[in-house]
Amino acid sequence: MTKKLEKYAEVVGENIIGQLRQLAEPLRGMRVVHINSTREGGGVAEILHRLIPLNKELGLNATWEVITGDADFYQCTKKMHNALQGDSEDIGEKLYAHYERINAQNHERLSPILSQADFVVIHDPQPAALLQHYPERKGKWVWRCHVDASRPHRPVWRYLQKHVNGYDAAVYSLPAFAQPMRNPLYIIPPSIDPLSDKNVPLPAEEIDTVRNTYDIDPERPVICQISRFDRFKDPMGVIKAYQIAKAFGPPLQLILAGGGAADDPEGETVFKEVQAAAAHDPDIHLLMLPPDAHRTINALQRIADIVVQKSLKEGFGLTVTEALWKGKPVIGGNVGGIRIQVVNHTNGFLVNSPEGAALRIRYLLSHADRMVAMGKNAKAFVIENYLLTRHLREYLTLMLAVLKGSRDRIELSSGF
Amino acid sequence: MESFKIIDCALSVIATGEKAYNLRDLHDRLQRVDDQSIMFFHFWDGLLRPDFIDPEYQNDFASWAYHDLHDRRLAEQLSILNPSKFSTMRELRERVIQILEDHMDEGGFDSRIDAENPFFLMRSQIVIFDTQKRLETPEELGRFIPHMSLGSVFYHFIDACRRTRSGHNDFSEWLWTWNEHHSQLGNAIASMDPYFKSLLEIREQLSGLFTKYLGPAADPDNKLESTK
């Protein structure tokens, strides 16, 4: 077994890796190309950095290409991204034409690779218009939409539809995120990488160092929410829940830790509001962390007794997955992908208000045995469902399914 | 005697694009769809999906009735349905439709009030592959069961019911071709109710039955001898 796969086998077991090898066997040597718009930053790049090497180890000829564009192009695609998530964006003919022109330029550059590819995965709207340049394409093309497109701004979606309807399939993270399309809509939830800095087991000394750095008392219970300072993440609601719970007696500490908000004017406003609300309480640890503070986030999640993700609106909620992976019960907002990951009394609680969150915090703190049991369930759930290996298996299965056509049963033994 | 072929499988989940916003809507949509894989998905595929197995409501319809319609009575009525007792998915669909109709006839609520979240009608594609592992005797199979992937458990135990002529699982079918003693094990496996269990629990129960009927020779702690 190759080195990377060996490491994953230590986490998920040989069985799972054996299954990946068998699924990959018929795809061995196939030219698979993933295309997105950035090599660094963002969830898509993060996942491709992990998936591509594993694909290669499994024998696929997998490559990752990045399209290039100018400021106007990214302005247009940023608007498309926001519009897919429901914001009312006015893009205009000129920007649309520019979007198509940039895609045409990228087509010229990537054509030798794409025209020979057996399977092409186009991530998000940025490179979606490449498809029109390959009317006689050799391989299968799928469009992978990573955002919640359940209620898109219609004029923009109608435009994008022209480009994405021609794909052989589309892939969304959750059924609720999908827009009805002509092509089959596959559902592949995201995943976390158990070997990444954010999720790898940490030595006790490193956790202690983080605890000391931020002056967190090891003797008192800690609740923690890791997320951007964004109204939809409801940091003010978390503070309220903490205050209500603390009023009943437990000597609680709260960590609210998030990434930089320098490019997000509203983020700064929210951060200031949260700062003001936390100003007079030394037990609220408000941490603005740099984007590469993965190990610190990892340690903070491990320091916490309970992890909260009290979002009012959420995509899939990978911070919830990360917390569950660390064996922490999660109190999550009853929205988006959190609803799929958290089951009441099993691995955490879904709540609809700060009061609900406070109630569950009190319950967990007074039932230490339940907290341990729920933490165990939480970790087992992620091992089974939300690790990178499951994600990879679903990509392989998707490729086999799309290459084989739309039948319900695909028997690989009958030849490929 | 033929050897037992260990087959594995993986699912691709597909959204049909159809969704029901309320009870009436679900009823109408179920009447229109005639894709048996949709019913199979919502009753059985949960075992292989990256979802939490709802500890209380075993199929997606019951779970939706409870969590999104907040209709406990309907959730209970749908939850008790055992899909393995229906000879076809079409019959199962008819039964679900009847339950919805009876419930709407009882009245006392507006069946057009939207649920908290819609019900998404889904189906799956199953990709089946031969692991090339062959087991020659029931004892050898017993020793292998704890090492079997969950995909294989699904294929041989759940999927088999819609594939075999008898409507039973592959283990029983194979054991019935052996002697009387092995046939009894086959019967015991055929009478297992998989509906309220996860695949892990099914695998454990299978392993327990092999050890119980075949003794130490099928005990997983015994070293595998003759797999090829």
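The values are calculated or read from the model by the stated rules, or taken from the named source; none is laboratory data. Just so it is clear, the model here is predicted, and its values are computed rather than measured. All Cβ positions, even for glycine, are placed from backbone atoms using ideal geometry, and neighbour counts span all protein chains on display. For the accessible areas, the whole protein counts, side chains as well, though only heavy atoms, and no ligand, DNA or RNA atoms are used. Shrake-Rupley method; radii C 1.70, N 1.55, O 1.52, S 1.80 Å.
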Practice problem: Take every DSSP beta bridge whose two residues both sit in the protein assembly as shown, then give the antiparallel share in percent to the nearest 5. | Solution: 25
Quiz item: Using alpha-carbon positions, what is the distance between the centroids of region A:1-58 and region B:1-73, in Å?
Solution: 29
Quiz item: If you place +1 on the Cβ of every Lys and Arg, -1 on the Cβ of every Asp and Glu, and leave all else neutral, what size is the dipole of region A:184-232 about its Cα centre, to the nearest 20 Debye?
Solution: 360
Quiz prompt | Given charges at Cβ of Lys, Arg, Asp, Glu: region A:258-416 dipole, positive-most of A:SER311, A:GLY327, A:PRO282 | solution = A:GLY327
Quiz item: Dipole size in debye (nearest 20) for region A:112-152 around its Cα centre, Lys and Arg Cβ +1, Asp and Glu Cβ -1?
Solution: 80
Quiz item: To the nearest 0.05, what FRET efficiency results for A:ALA97 and B:ASP28 with a Förster distance of 30 Å applied to their C-beta separation?
Solution: 0.10
Practice problem: With springs only between Cα atoms under 10 Å apart, run a GNM on chain A and tell me which of A:PHE119, A:PHE248, A:PHE271 wobbles the most. | Solution: A:PHE248
Quiz item: Between rounded, prolate and oblate, where does the protein assembly as shown land on the alpha carbon gyration tensor, with a ≥ b ≥ c its root eigenvalues, rounded for a/c under 1.5, else prolate if a/b exceeds b/c?
Solution: rounded
Quiz item: For region A:103-223, what is the Kirkwood hydrodynamic radius in Å, using each pair of distinct C-alpha atoms?
Solution: 17.7
Quiz item: In angstroms, what radius of gyration and Dmax does chain B have, counting Cα atoms only?
Solution: 19.8, 64
Quiz prompt | the protein assembly as shown, dipole about Cα centre (Lys/Arg Cβ +1, Asp/Glu Cβ -1), debye to the nearest 20 | solution = 960
Self-check item: A:ARG151, B:ARG203, A:ARG158, reordered so the largest accessible area comes first (probe 1.4 Å)
Solution: A:ARG151, A:ARG158, B:ARG203
Quiz item: Rounded, prolate or oblate: which fits region B:146-217 when a ≥ b ≥ c are the square roots of the eigenvalues of the alpha-carbon gyration tensor, with rounded for a/c under 1.5 and prolate only if a/b beats b/c?
Solution: oblate
Self-check item: Calculated from backbone phi, Karplus (6.51, -1.76, 1.60) coupling profile of region A:133-139 in Hz, x at Gly/Pro
Solution: 8, 10, x, 10, 5, 7, x
Quiz prompt | ³J(HN,Hα) computed for each position of region B:200-207 - Karplus, 6.51 cos²θ - 1.76 cosθ + 1.60, integer Hz, glycine/proline x | solution = 4, 5, 4, 4, 4, 5, 4, 4
Quiz item: How high is the relative contact order of region A:301-416, given as a whole-number percent (alpha carbon pairs under 8 Å, six or more residues apart)?
Solution: 22
Quiz item: Do you know the Lys pair count in region B:72-228 for C-alpha distances under 21 Å, with sequence separation 8 or more or different chains?
Solution: 5
Quiz item: Here are some pairs, A:LYS240/A:LYS313; A:LYS56/A:LYS376; A:LYS7/A:LYS56; A:LYS233/A:LYS328; which of them have Cα atoms lying more than 22 Å apart in this structure?
Solution: A:LYS56/A:LYS376
Self-check item: Label-point separation in nm, B:ASP102 to A:GLU136, each point 7 Å along Cα→Cβ
Solution: 6.2
Quiz prompt | Choice from A:SER150, A:SER173, A:SER366 with maximal GNM fluctuation in chain A (Cα, 10 Å cutoff) | solution = A:SER366
Quiz prompt | the protein assembly as shown - percent of accessible surface contributed by carbon and sulfur, probe 1.4 Å | solution = 49
Quiz item: In region A:88-244, with Lys and Arg counted as +1 and Asp and Glu as -1 at Cβ, which of these residues, A:GLN116, A:GLN161, A:SER196, has the Cα nearest the positive end of the dipole, that is, farthest along it?
Solution: A:GLN161
Self-check item: Virtual spin-label span in nm between A:LYS56 and A:ARG182, 7 Å along Cα→Cβ
Solution: 3.7
Quiz item: What do the square roots of 5 times the Cα gyration tensor eigenvalues come to for region B:89-146, in whole Å, largest first, as semi-axes of the equivalent ellipsoid?
Solution: 45, 16, 12
Quiz item: Can you list residues whose amide H is under 5 Å from A:GLY333's amide H, if they're 5+ apart or on another chain and H is modeled 1.01 Å from N?
Solution: A:GLN309, A:LYS310, A:SER311, A:VAL351
Quiz item: So which aspartates and glutamates pass the test for A:LYS272, namely a Cα distance under 19 Å, with those fewer than 8 places away in the same chain ruled out?
Solution: A:ASP230, A:ASP234, A:ASP263, A:ASP264, A:ASP281, A:ASP283
Quiz item: With the contact rule set at Cα under 8 Å and sequence spacing of 6 or more, what percent relative contact order holds for chain A?
Solution: 14
Exercise. Would you mind checking which residues have amide H under 5 Å from A:LYS140's amide H? H placed 1.01 Å from N; only 5 or more apart, or other chain.
Key: A:PHE119, A:VAL120
Self-check item: Chains A and B, summed buried accessible surface - 1.4 Å probe, Å², nearest 100
Solution: 3000
Exercise. Name the long-range amide H neighbours of A:GLU411: under 5 Å, sequence gap of 5 or more, or other chain; modelled H, no Pro or chain starts.
Key: B:ILE128
Practice problem: Take the alpha carbon atoms of region B:45-125, find their radius of gyration, then divide it by 2.2 N^0.38 Å using N residues; give the quotient. | Solution: 1.11
Practice problem: For region A:148-160, take each phi angle, set θ = phi - 60°, evaluate the Karplus expression 6.51 cos²θ - 1.76 cosθ + 1.60, and give the result in whole Hz per residue in order, putting x for glycine and proline. | Solution: 7, 9, 5, 10, x, 6, 4, x, 6, 4, 4, 5, 5
Self-check item: Nitroxide proxy distance, nm - points 7 Å out along Cα→Cβ at B:ASP114 and A:ASP281
Solution: 3.4
Exercise. Please work out the average accessible area per residue across the protein assembly as shown, using the 1.4 Å probe convention, and give it in Å².
Key: 42
Quiz item: Along the positive direction of the dipole of region B:57-144 (beta-carbon charges: Lys, Arg +1; Asp, Glu -1; about the Cα centre), which of B:HIS103, B:LEU69, B:MET122 reaches farthest?
Solution: B:MET122
